[in-house]
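The values are calculated or read from the model by the stated rules, or taken from the named source; none is laboratory data. Given the structure is predicted, the values throughout are model-derived calculations rather than measurements. Cβ placement follows ideal geometry from the backbone for every residue including glycine, while neighbour counts extend to all protein chains displayed.
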């Protein structure tokens, strides 16, 4: 095996490894929602005291005292909601091209196949080539 063939083989193995890694690993999506609610509470406490003093000489003296103990508070309520979505979606269709090298006048034979996932890892499909060979296929994904 020369260096060129070794490099092509290495690239094919690396591409297959990347494809297998993407296929096996699930897609993880983390969603975080934060809700904040502010409530302002006002407690009114106003006290009014009126003192009226009447003297023996007939004069009246009025004293008014207003005491305001109003309080205002702001309350914050906060909650976080997070969800994690893990999906391992697999491809539903497979399309492939075929090449069979032949020597002679006819040259190489070209072909193609199409497969569809029907149940879990089971695929069904059809194929054909330039030698006018057509057929159906059933396969399983390992």
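Observations on the model:
- Among the candidates 103, 89, 81, 77, residue that is within 30 Å of residue 30 (Cα to Cα) and at pLDDT below 80: 89
- Some residue of region 121-132 being loosely packed, with under 12 Cβ neighbours inside 10 Å and within 30 Å of residue 49 (Cβ to Cβ): no
- Qualifying residue in region 51-74 (condition: surrounded by 10 or more Cβ atoms within 10 Å (Cβ to Cβ) and within 26 Å of residue 25 (Cβ to Cβ)): no
- Subset of region 125-142 (residues that are under 31 Å from the mean Cα position of the chain (by Cα) and farther than 28 Å from residue 29 by Cβ): 140
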